[in-house]
Amino acid sequence: MNDQLKRRDFLFYGGATIVGITLGELGRRQLARAEERANAWRERGVETWATSVCRECPAACGVRVRLVDAVPVKLDGNPLCPVARGRLCPKGQAALEAYFDPDRLLGPARRVGKRGEGRWERLTWPAAIALLAPRVSASSGPEMALALAAEERGPLAEAWATFWTAAGARVAWTPAATASRFASRLGALTGRRADPLFDLEHASHVLSFGAPIVEDWLSPVWSQRSYGHFRRGVAHARGRLVQVDFRRSLTARKADEWLPVRGDRQAALAWGIAAALLREGRASRSFLDEMGGNVATFANEVVARYSPDDVAAATGVPVVTILRLARELAGSAQPLVVVGADADASLVDAVFALDALLGAFDRPGGVLAAPTASRADPDDARAALHDVIDGSLRPKLLVFKDASPLRTLSAPSEPGAVLEHVPFIVSFSPYLDETSLVADLVLPAPTSLECWHAVVPPSAAPFDAVALSRPAVTARLDTKDTLAVLKAVADAAGGPLAAACTWQSSEDLVGAETDQRWKERRGSPYRNRYETAWLLQLENGGWWTPPAASAEEFQSVVLDAGGWADPFVASQQIRDALRARGGLTFTLPEGLAVAGRPGASKDSEDGKYPLHLVPFTPTVVNLAGSPNQPVLFELLGQPDGAPWQVWAELAPETARSLSIDPGAGIRIEAPAGSIEAVALIAEGMLAGTVALAFVPSLPGGGRWARLTHADARRLWGKTAFGGSCAVRIRRA
Amino acid sequence: MPRWGLVIDLDRCTGCQACVVACKHENNVPFSTPETAAEGRLMTWLQIVPAEVPGRPGPTPLPLLCQHCDRPPCTDVCPTSATYLNPEGIVAQVYPRCIGCRYCTNACPYAVKLFNWTEPQWPQSMAPMVNPDVSIRPKGVVEKCTFCHHRLMQARERARAEGRELGAEDYVPACVQTCPPEAMIFGDLDDPHGSVAALAEGPRAFRWMEELGTKPKVVYLREGE
Amino acid sequence: MRGHDAIVEPILTVGPGFRRWAIALGGVVAWAACAWIWQLSHGLGATGLGRPVYWGLYITNFVFFIGVSHAGTLISAILRIVHAEWRRPVTRMAEVITVLVLFFGVGNVILDLGRPDRALNVLTHPHFRSPLLWDVSSISVYLACSTIYLFLPLIPDIALLRDRSSGWRQRFYTRLALGWTGSPAQWHRLERAIGVMAILVIPVAISVHTVVSWVFAMTIQPMWHSTIFGPYFVVGAIFSGIAAIITAMAIVRKVYRLEAYLTPEHFGNLGILLLVMACLWFYFTFAEYLTTWYAHEPREITVFNAKFSGPFAPFFWAMFFFCFLVPFPILASSRTRTIAGTVVASVSVNVGMWLERFTIVVPSLSNPRAPIHGFVYVPSWVEWSLMAGCFAAFSLLYMGFTKLFPIISIWELDPAPGEAASDGVGAVSAQAQP
Ligand SMILES: Nc1nc2c(c(=O)[nH]1)N[C@H]1C(S)=C(S)[C@@H](COP(=O)(O)OP(=O)(O)OC[C@H]3O[C@@H](n4cnc5c(=O)[nH]c(N)nc54)[C@H](O)[C@@H]3O)O[C@H]1N2
Ligand SMILES: Nc1nc2c(c(=O)[nH]1)N[C@H]1C(S)=C(S)[C@@H](COP(=O)(O)OP(=O)(O)OC[C@H]3O[C@@H](n4cnc5c(=O)[nH]c(N)nc54)[C@H](O)[C@@H]3O)O[C@H]1N2
Ligand code: SF4
Ligand code: SF4
Ligand code: SF4
Ligand code: SF4
Ligand code: SF4
Ligand SMILES: [Mo]
């Protein structure tokens, strides 16, 4: 071995080693750099908290926003809020994604291409207002404007109504029909026209007709909190829940007993149970003796018309079960009968009648009346929009705020087609939702974290309450407070319109609201449970200690707390009304129609479309709120299905007869269209019935909302979506 | 030394998934897409699964998260001790040490450990939304529920700054905080006066798959009487 | 020694056929390297893996390659110890398989790591309760032992080549021959060393595959948590190892025209060994699956059904077909235990044993206890590319070995008269020196 060779070898091996190490090191650095990048956020720092109000649904839960260097990073419930008590539902948690949504509208814009084409021109706010103002003043009289907004109570919604009324417009609300049905039916029975409050928390036995108690019932966080206490309250035994539902909903699964009954037969079951209570003399004697009203006539009618055998034949629920349900109700200490907001008037009547027979009005674990009156006979946006679509109403100007009723009224592919003949459409939505997509002018409002709030939470705890708060964060994009926009339009238009607008912006109205509450000298800022109980004691004794030294200070503590509430509300409103009116006025039920299958169409009869499909709204899907939150789409279909998947629930028999395996892809076909979904087999589901998750897609909208390809609306084609539908199913 | 544990009352739990969203936002867990979800790459430290549990005829929605086993099969098999049982009973992950062998994910009978298949990503507008208290995991390492350990550290700091002992209400994980029906109760299993210890001993308590000897510190309460 | 030109000849010449193959295989390896770079930059998202199927092709290959590694060292050591004279032309090509394939076994684990850059954490932060660490230990010991065990008998042959070559080869062989002159003292030391290594290597080899099986068996996952996994894996390993030797033997024989050295007798003898292993493999498989089925433990039976009649049934039954139904009849009859017959059986066993590893790794993971929604694992192009790259790189290295060293141990072919009386490991051969 000579030296020369050694050197050469050394160079070779040394070189190879260096190359190897360098390559390895480069790779390591590449990965290390990725890590550094991932850790870059650590430099941020100052933590603050702000209060806000969740507007992902009408419940108006209080929100506490955690900010780091003024950027919101997490939402939690406001512990002082009497509705939510520090808790939030999945949509409330996900509202942060609505604020950061990458597909939010950047600012005011005007359509340039054809309607729905998606070509826009950015405007300045003055230019946008200059565009709107002449249209507002020009459209009164028969060429009126139609202003649609999400139903809401409180000074901000009132201001919206004031403006448009002064402008000669027709003002309609979504979903006025559902919201007012409860109040009007309660009014008919008792004389007290108010939203009912179901005291689920203190009930000992609950019979629910389709009320999605553990899903999205009325005020979801309140409903779920109540359910928790109902099941495992500290002071009472475990409550028992019987669910009547056409599908195996989460509530049906959590219930102690689930009775699968089609939606259109549930009223018959409710009347049948009422008849059984009366026939066996199990109705609450003490309550009826005092408040009976026309109960005797009612009893005769209902007993005659709803014999157990007929009801059993109509509903498929055996006679013994009907009798047992009645006896269980009557045998429980604080029974309560509840119903979903979707129910038709007959079912709502039957449910309130049952509550009356059980003496449930104004007692713990029963039905109370909400302290704040709801809007009297609100104009229904869906109905108004129907008239526009069929041409019987021809407004010159159509305005949408906080509402997207087109979502449930048109085919997903062409939301604009139905509004072709409306000359000018304005959307105040911060998102590119159905209405923004077809609008001529978009005037994006700030999202809920960015705006002022003054809203009365509907149907929750028996409190007189207003959720009040300031913007929790600075506006991310070029948005403008809708009421400030209206004020500017009014100033431009002048005349009575300008006079009607007493505000500059929402901020003024929030301030006015707190001043008003200060003057009323009652209630307090939102407080925790114990302080609230203490306050109630004081107010019961006729005491009220001012929570602040001055109106200004009061305003600031109320806004910090996230709202104002007065726990002292008259607790006997329904009974008082009954006494004043001389007792109950039962609506006599229609006769029991057993002939024919309601809802059965020609298509289903000739056997081409043998299955009966009913859509339902999955809990995590927003009907109200932002349409574009990824985490909610991800939760879709869980726990049973697959993430991001739209699913249909089938009875085991149905699935077997079509040889469909659980989790298999299926194609659902209706005369008007077809969609694909994932099949879930629901044990106990009614044979021949299919429940389909309704997940609206937004082909032109945000990036996540675009991803849903199984939109139930296709099954209805161009006709308005809703109700049930005859379909057939095959494997995809 | 406390021994942290979580009680989940299935009689109260509605399967609403609020806890799932809260955990994702609190812990910077990235979103999926339909494609990544179909590939089995959905990231979630907490998830509601349909489980067969005592006292129910059919599957019932069950919040599934790391059970923080007292005898964790996952930590035994880790070749680098990147996952270990800390003295307070929290099964921890050391992201910078993990080599991504995914042995622990396979050893965990609850399938709650997740692997970062790709670099986590958020749309640009959402980047500021991340919680600065929780590190973002790089691609190639394993992660899972930490019992919101960062909240414990903050609570400790706060308590120390205020010169007092750590109280039961100081340390509340994000999922527990949001649960609408108040189905989750968190606390020290060794505190004889705490509600968690009492509930965990109660007649309705069971530990999922405890027959495997994992000794979970997540305790479920059966539905029914 | 001149008589063994047929062995020495192909080492020193490189023909066009060799070049063509080398280029083709090199192309595959280059492609795999690109795939690896792709995987490094995109993360393991480039694979088809997901939750709960966290392990797939790479770990299957890992177990397979470690199994095949039993070919050489273990078999040659056993045969040496039992004085099986016919082994002489076979041992070298078997031992090479072991050493090379071990690198690919370990390499597949590295491919499988989410953070290969941190692989050394296993040494800097070791956790000795982890079976993976036992694996690291036993595989490194096995690699060291097998390399030594391959190298020792090579020394006299290297010296022979040193004396016959010139240029860089001469320098290379000089370095590796460690100054071998063939003195009786050197022969004696060599024999002693080989003897010690042959004995040492057997428990190490057995431990390696036992520990590999424990990676699975130490968990509580259904159909992994099995007490017989140790011996079951060892048997499978020897089974696939012998099959690999026969396959390699057939190829080398054909390519280098070594018909004179590798006779039907060699194939027949190894065929009988393979037959024995096939029966043992069947016995273990039967025992494993029967106990699972009979006990009907719900979680276990779910995995069992997935393999027996569920989505993994094609793999399971293909495994059974290739591991038993094909080789058994061929090898059982002396009429079919020809060269062609044993080669068919061996290739079949290799395919079958790969499938066996796959049906152990994937079905258990696909059926976790927790009811999370799963997905169907389909390996991605990256995984297939890297697998092809491993096989190509192995073949390339094997070919390279044949161009550097005699694939048949030359000095062992002609035992000296006194050899049988010695410790039986090797023999002093005057002819070993030119
Ligand atoms: N996640 C989520 N929660 C929400 C909302 C949301 O958009 N998303 N919206 C909030 C709003 S605005 C409201 S008004 C409330 C809605 O109040 P809910 O009471 O929750 O009403 P829905 O969920 O619309 O419908 C109740 C159930 O009635 C059943 N049903 C359908 N048709 C019939 C029928 O003819 N008869 C009977 N008996 N039952 C029938 C369906 O199964 C449906 O699940 O929910 C609020 N909560
Ligand atoms: N099929 C079917 N149809 C239904 C119902 C049903 O259960 N099934 N339920 C009915 C009921 S109860 C209701 S309440 C209605 C709900 O229906 P709507 O009240 O019309 O609510 P959405 O359709 O969700 O539209 C709300 C829109 O407001 C916009 N938005 C979100 N956040 C903000 C914000 O901060 N500011 C402004 N200005 N806009 C915002 C979003 O773009 C969103 O598209 O639907 C009714 N229609
Ligand atoms: S219930 Fe409605 S208001 Fe309350 S958190 Fe959920 S979405 Fe928000
Ligand atoms: S938030 Fe509470 S009720 Fe909802 S799924 Fe989680 S544990 Fe259950
Ligand atoms: S649940 Fe799984 S990950 Fe959590 S400690 Fe137990 S074994 Fe480990
Ligand atoms: S993936 Fe990480 S934490 Fe899990 S076993 Fe491997 S090194 Fe340990
Ligand atoms: S304790 Fe924290 S990390 Fe664990 S599941 Fe709950 S929120 Fe997620
Ligand atoms: Mo509503």
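The values are calculated or read from the model by the stated rules, or taken from the named source; none is laboratory data. The shown structure was predicted, so the numbers you read here are calculated from the model rather than taken from an experiment. Virtual Cβ from ideal backbone geometry, glycine too; neighbours counted across all protein chains shown.
Specify which of the listed residues (B:Arg151, B:Arg160, B:Arg164, B:Arg156) is farther than 30 Å from B:Ala82 by Cβ, more than 9 Å from chain A (Cβ to nearest Cβ) and basic (Lys, Arg).
Among B:Arg151, B:Arg160, B:Arg164, B:Arg156, only B:Arg164 is farther than 30 Å from B:Ala82 by Cβ, more than 9 Å from chain A (Cβ to nearest Cβ) and basic (Lys, Arg).
So which of A:Leu632, A:Leu686, A:Leu692, A:Leu680 is within 14 Å of chain B (Cβ to nearest Cβ) and either in a loop (DSSP other than H, G, I, E, B) or touching a residue at least 60 places away in the same chain (Cβ under 8 Å) (or both)? First the steps, then the outcome.
On the way: A:Leu686 fails: within 14 Å of chain B (Cβ to nearest Cβ); A:Leu692 fails: within 14 Å of chain B (Cβ to nearest Cβ); A:Leu680 fails: either in a loop (DSSP other than H, G, I, E, B) or touching a residue at least 60 places away in the same chain (Cβ under 8 Å) (or both).
Just a single option satisfies the conditions, and that option is A:Leu632.
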(request) Would you mind telling me which numbered condition in (1) within 19 Å of C:Pro363 (Cα to Cα); (2) hydrophobic (A, V, I, L, M, F, W, C); (3) within 18 Å of the chain's Cα centre (by Cα) C:Trp224 fails? (result) (3)
(message) Could you check segment A:408-461 and list, in sequence order, the residues that are in contact with an Asp or Glu (Cβ under 7 Å, 6 or more places away or on another chain) and within 16 Å of ligand 8 (Cβ to nearest atom)?
(response) A:Val455, A:Pro458, A:Ser459
(message) When the residues of segment B:59-98 are narrowed to those that are on the phi > 0 side of the Ramachandran plot and out of contact with any helix residue (DSSP H, G or I) (no Cβ under 9 Å at 6 or more places or on another chain), which ends up farthest from the other protein chains (Cβ to nearest Cβ)?
(response) B:Gly89
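Results for (1) buried (at least 21 other Cβ atoms within 10 Å of the Cβ); (2) touching a Cys at 6+ places or on another chain (Cβ under 9 Å), shown as yes or no for each residue.
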| residue | (1), (2) |
| --- | --- |
| A:Pro79 | no, no |
| A:Pro82 | yes, no |
| A:Lys91 | yes, yes |
| A:Ala94 | yes, no |
| A:Tyr99 | yes, no |
| A:Leu106 | no, no |
| A:Gly113 | no, no |
(message) Which count do you get for residues in segment C:205-228 that are buried (at least 24 other Cβ atoms within 10 Å of the Cβ), more than 14 Å from chain B (Cβ to nearest Cβ) and hydrophobic (A, V, I, L, M, F, W, C)?
(response) 2
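Among the listed residues B:Ser135, B:Ser125, which satisfies the condition of being over 20 Å from the mean Cα position of the chain (by Cα), at pLDDT below 95 and at the interface with chain A (Cβ under 10 Å from one of its Cβ atoms)? Let's see the steps before the verdict.
On the way: B:Ser135 fails: over 20 Å from the mean Cα position of the chain (by Cα).
So the residue among B:Ser135, B:Ser125 that is over 20 Å from the mean Cα position of the chain (by Cα), at pLDDT below 95 and at the interface with chain A (Cβ under 10 Å from one of its Cβ atoms) is B:Ser125.
Return the residue satisfying two criteria in turn: it lies in segment A:230-240 and is within 8 Å of chain B (Cβ to nearest Cβ) and within 16 Å of ligand 4 (Cβ to nearest atom), and of such residues it is nearest to B:Thr14 (Cα to Cα). Write out each step before concluding.
Going residue by residue through segment A:230-240, those that are within 8 Å of chain B (Cβ to nearest Cβ) are A:231-232, A:238.
The next check asks that each one be within 16 Å of ligand 4 (Cβ to nearest atom); those that pass are A:231-232.
Working: A:Arg231: 11, A:Arg232: 13 Å.
Out of the qualifying residues, it is A:Arg231.
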(request) Could you tell me whether segment A:194-215 includes any residue that is touching a Cys at 6+ places or on another chain (Cβ under 8 Å) and within 16 Å of ligand 3 (Cβ to nearest atom)? (result) yes
(request) Name the residue, out of A:Ala467, A:Ala472, A:Ala417, that is in contact with a Ser or Thr (Cβ under 8 Å, 6 or more places away or on another chain) and modelled with pLDDT of 95 or more. (result) A:Ala472
(request) Among the candidates B:Ala107, B:Ala38, single out the residue that is within 14 Å of chain C (Cβ to nearest Cβ), touching a Cys at 6+ places or on another chain (Cβ under 6 Å), among the aliphatic types (A, V, I, L, M) and more than 23 Å from A:Arg253 (Cβ to Cβ). (result) B:Ala107
(request) Could you check C:Val96 against (1) within 14 Å of another protein chain (Cβ to nearest Cβ); (2) part of a helix (DSSP H, G or I) and say which number it fails? (result) (1)
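Of the residues B:Val112, B:Val176, B:Val94, which is modelled with pLDDT of 95 or more, surrounded by fewer than 18 Cβ atoms within 10 Å (Cβ to Cβ) and aliphatic (A, V, I, L, M)? Talk me through it step by step, then tell me what you get.
On the way: B:Val112 fails: surrounded by fewer than 18 Cβ atoms within 10 Å (Cβ to Cβ); B:Val176 fails: surrounded by fewer than 18 Cβ atoms within 10 Å (Cβ to Cβ).
So the residue among B:Val112, B:Val176, B:Val94 that is modelled with pLDDT of 95 or more, surrounded by fewer than 18 Cβ atoms within 10 Å (Cβ to Cβ) and aliphatic (A, V, I, L, M) is B:Val94.
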(request) Only residues that are of a type in the set (Val, Ile, Thr) and within 16 Å of C:Arg253 (Cβ to Cβ): list them for segment C:12-21, please. (result) none
(request) Show the residue pairs that are 6+ apart or on different chains and have beta-carbon atoms under 9 Å apart, the first residue being within segment B:72-86 and within 16 Å of B:Gly213 (Cα to Cα) and in contact (Cβ under 8 Å) with a residue 12 or more places away in the chain, the second being near ligand 5 (Cβ under 10 Å from one of its atoms) and charged (D, E, K, R). (result) B:Pro72/B:Lys215; B:Cys74/B:Lys113; B:Cys74/B:Lys144; B:Leu85/B:Asp70; B:Leu85/B:Arg71
(request) Give segment A:83-116 a look and list any residue that's at the interface with chain B (Cβ under 10 Å from one of its Cβ atoms), within 30 Å of A:Arg527 (Cβ to Cβ) and away from ligand 8 (no atom under 16 Å from the Cβ), or say none. (result) A:Ala84, A:Arg85, A:Gly86, A:Arg87, A:Leu88, A:Pro90, A:Gln93, A:Ala94, A:Ala95, A:Leu96, A:Tyr99
(request) Determine if segment C:306-320 includes at least one residue that is away from chain B (no Cβ under 14 Å) and touching a Gly at 6+ places or on another chain (Cβ under 7 Å). (result) yes
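From B:Gln47, B:Gln93, which residue is under 30 Å from A:Leu707 (Cα atoms) and more than 16 Å from ligand 1 (Cβ to nearest atom)? Reasoning before the result, please.
Details: B:Gln93 fails: under 30 Å from A:Leu707 (Cα atoms).
Going through B:Gln47, B:Gln93 in turn, just one is under 30 Å from A:Leu707 (Cα atoms) and more than 16 Å from ligand 1 (Cβ to nearest atom): B:Gln47.
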(request) Please note which strands (runs of 3 or more DSSP E) are completely contained in segment A:164-238 and include at least 3 residues that are modelled with pLDDT of 95 or more. (result) A:205-209
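Kindly check whether there is at least one residue in segment C:119-132 that is over 19 Å from the mean Cα position of the chain (by Cα) and of a type in the set (D, E, K, R). Step through it out loud before you land on a result.
Our first condition is that a residue be over 19 Å from the mean Cα position of the chain (by Cα); within segment C:119-132, this holds for C:119-132.
From the residues that got through so far, the ones that are of a type in the set (D, E, K, R) too are C:129.
Yes: segment C:119-132 contains one or more residues that are over 19 Å from the mean Cα position of the chain (by Cα) and of a type in the set (D, E, K, R).
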(request) For residues that are of a type in the set (A, V, I, L, M, F, W, C) and farther than 21 Å from B:Cys179 by Cα, scanning just segment B:47-82, find the one that is farthest from ligand 7 (Cβ to nearest atom). (result) B:Val77
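Check whether at least one residue in segment B:83-91 is more than 16 Å from ligand 4 (Cβ to nearest atom) and crowded, with 23+ Cβ neighbours inside 10 Å, and report yes or no. I'd like the intermediate steps shown before the answer.
Step one: filter segment B:83-91 for residues more than 16 Å from ligand 4 (Cβ to nearest atom), giving B:83-91.
Applying the additional criterion that residues be crowded, with 23+ Cβ neighbours inside 10 Å yields B:83, B:91.
Scanning segment B:83-91 turns up at least one residue that is more than 16 Å from ligand 4 (Cβ to nearest atom) and crowded, with 23+ Cβ neighbours inside 10 Å.
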(message) Going residue by residue through segment B:60-77, is there one that turns out to be out of contact with any strand residue (DSSP E or B) (no Cβ under 9 Å at 6 or more places or on another chain) and within 16 Å of ligand 1 (Cβ to nearest atom)?
(response) no
